[in-house]
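Take this structure, written in structure tokens, and hold onto it; I'll ask about it next.
The values are calculated or read from the model by the stated rules, or taken from the named source; none is laboratory data. Not measured: the values here are computed from a predicted model. Ideal geometry is used to build each Cβ from the backbone, glycine not excepted, and the neighbour counts take in all protein chains shown. Ligands, DNA and RNA are excluded from the accessible area calculation, which covers all protein heavy atoms including side chains. Shrake-Rupley method; radii C 1.70, N 1.55, O 1.52, S 1.80 Å.
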Amino acid sequence: MEDSNIQSSEKDQEILENECPWPHLEELFMYRGRKGDSMLMQCKLCLPSVVISAYKTSASNLKKHIMRKHPSKIDQYHDIIATSASSQRKTTAIPNKLSASKQVKLPDVMLAPVNKRVPQATVDKLIINFICEGLQPFAVVEQPAFKELITTLQPHAKVISRSTVRTRICDAAEDIKTTIIAELGKAKFVATTTDCWSAHQKSYLGVTCHWIEEESLERRSAALACKRLRGSYTFDMIASALDDVHFQYKIRDKVVRTTTDSGSNFIKAFHVFGAQNDAEVDEDEADLDTLDVSDHIEYHDKNVILDEDSGMEYQLPPHQRCACHLLNLVATADTALAECMNDTYLQKAFSLSPAEVAFLREYCITMKPLVKASNILQSESSTYMGWLLPVIHQLLSKLNRLETSSKTCMPLIKALQNGLQKRFGQMMANPDLAAAAVLLPKFKTSWTDRADVIEAALTYLKQHLETTEHESEHQQRESSDDDDFFSRPLSRMMQSPIEPDGYLACASDSMELLHSFPAIKKLSLKLNTALPASAACERLFSCAGLLFTSKRSRIDSMNFENQLLLKLYKRFRK
């Protein structure tokens, strides 16, 4: 509790460039500077060599170091934390008010001197930002205390009405959607993630999109929709709603892959309407728990349903199952089979003698690579589709190495290996996923020792580079009638054999290397734009849960979506 109190107060303070965020710990640690968002702290008890890296808003790494290396000093550490927390509470306490750390901060312009008049348009914009970023109810503008606050700070200002707030938020959401459409129009390849979410007997389809800027090679992301689904979200309803979102943002022909979990409704939607059909749905692999029809039943007039046009064909992109969701199934459903493999393993899993404590340590060591793999694949900004197979191959390699040292967890290791082969077997044999890894300078051909996998990836690479070259030649012939006689043979000679070999021969592992090989870069962007996990959509729903509380369960679905997207669209707001 002491650590959580002091860390929550630290998050509200701005950390200066050359200032230690934990001066109260100077008895135990010496501040040595910062590296990115991490603080470098030297332990005075371990002088002269030990330097610990701690995130700027959390001193947990420092506490762990004391507990691990200097357990006799842990009481002193707790006393320091308690003393510091007590002093900060006294200095920051506000009588008869909420804690300062929980209050929503007003923009500086709202705190301008009374005699400085702020334009009404600016005040209106700030009120809208306050409502959206703080996920406040629209009715806050009708509260006498809020009106008094605004008129006290700006006597000439008027507080807009609730209906005006609704209209302004709707207009702002439309403006930002236009901005997003313009940004997506510049991208050649786009990927999406999608998932369904339900709360208070209402169902929603969330969609996020992701692309890579061609010049900077930086990942960009945006939330596209949190769309209300009426009735049970069946496969055809999901296909219709997702296709509508893609069409609305004009990316229908640009989406290279859509990542979802293994819910049977999503698998069937892409199996029926997808550009590249999945294999037949395996009832053992499909996560039937993700579809609980009883929670989402709504009743409608049968005449309305019969009058609807159900003959529409939907266009969905190729499907990618969420790697993190599959790893979770490996860690739960598949590891449960370990108990059937060995009676000794089962007995050790349910008792706590000293021998079983050693078993628990070995269990944690065995599961640790799985956790790390999941953390890597769910990243949104630095992970590409080409990371999927290298991570899975490395995970299998780590499990193989654990076989030599395992004493009691061999059934668990075997269960994990079998689960990975079952869930990712088809993906590991997929040449375009292997080519995606080869087309990332970080990996190239060094991520696996299986010659057949690398050979399949290189064959895929050469075939698709030739296809790209022929397409560009066809475009040149259509655009110009007086092409140079020798231009195409020279282009083929320069691109086909030399560009892939030159790329693979370069020692650089920076993404900037792709700029030197245009054809390689184009194919890499196409294969690596998609994400291996759908965690981005889960983050969308996490934010939605903060907005869609029980007290606001009757909020209009359009107002709900607009307010949510405006909060998430902050980076695109002017």
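Compute the label zone of N129 within the range 161-188: residues whose backbone N is under 16 Å from the point 7 Å along Cα-to-Cβ.
Within reach of a label on N129: 169, 172-173, 176.
Now, a different point. Starting from the Cα of Q394, step 7 Å along the direction of its Cβ; do the same at D171; then give the gap between the two resulting points in nm.
The modelled label-to-label distance comes out at 5.1 nm.
Now for a separate question. Show me 452-463, 194-205, 518-529 ranked by packing, highest mean number of other Cβ atoms within 10 Å first.
The packing order, highest mean first, is 518-529, 194-205, 452-463.
Given a Förster distance of 22 Å, report the FRET efficiency between R450 and T404 from their Cβ-Cβ distance, rounded to the nearest 0.05.
0.60
What is the gain in length, in nm to one decimal, between A121 and C364 on full extension, counting 0.36 nm per residue of separation less the C-alpha to C-alpha distance? Numbers along the way, then the final one.
Details: separation 243, 0.36 × 243 = 87.48 nm, distance 5.75 nm.
Full-extension gain reported as 81.7 nm.
Next question. Below 14 angstrom from the Cβ of K158, what's the summed charge of the other residues (Lys, Arg +1; Asp, Glu -1)?
After counting each charged neighbour, the total is +2.
Can I ask one more? In Å², what does the accessible area per residue of the range 124-254 work out to with a 1.4 Å probe?
43
Next question. Can you flag which of K186/K250; K422/K442; K372/K414; K147/K202; K125/K188 are past 22 Å Cα-Cα?
Working: K186/K250 11 Å; K422/K442 27 Å; K372/K414 19 Å; K147/K202 33 Å; K125/K188 34 Å.
From the list (K186/K250; K422/K442; K372/K414; K147/K202; K125/K188), the Cα-Cα distance tops 22 Å for K422/K442; K147/K202; K125/K188.
Show me the ranking of peptides 378-386, 63-71, 503-511, 332-340 by mean Cβ neighbours inside 10 Å, starting with the highest.
Top of the packing list down: 378-386, 332-340, 63-71, 503-511.
If packing is taken as the mean number of other Cβ atoms within 10 Å per residue, what is the order of 130-141, 410-421, highest first?
Highest-to-lowest ranking by the protection proxy: 410-421, 130-141.
Spin-label point model (7 Å from Cα, Cβ direction): what's the S232 to A429 distance in nm?
Inter-label distance under the simple model: 3.4 nm.
Determine the gain in length on full extension of the stretch S557-Q42; use 0.36 nm per residue of separation and subtract their C-alpha separation, reporting nm with one decimal.
That pair, S557 and Q42, stretches by 180.2 nm at full extension.
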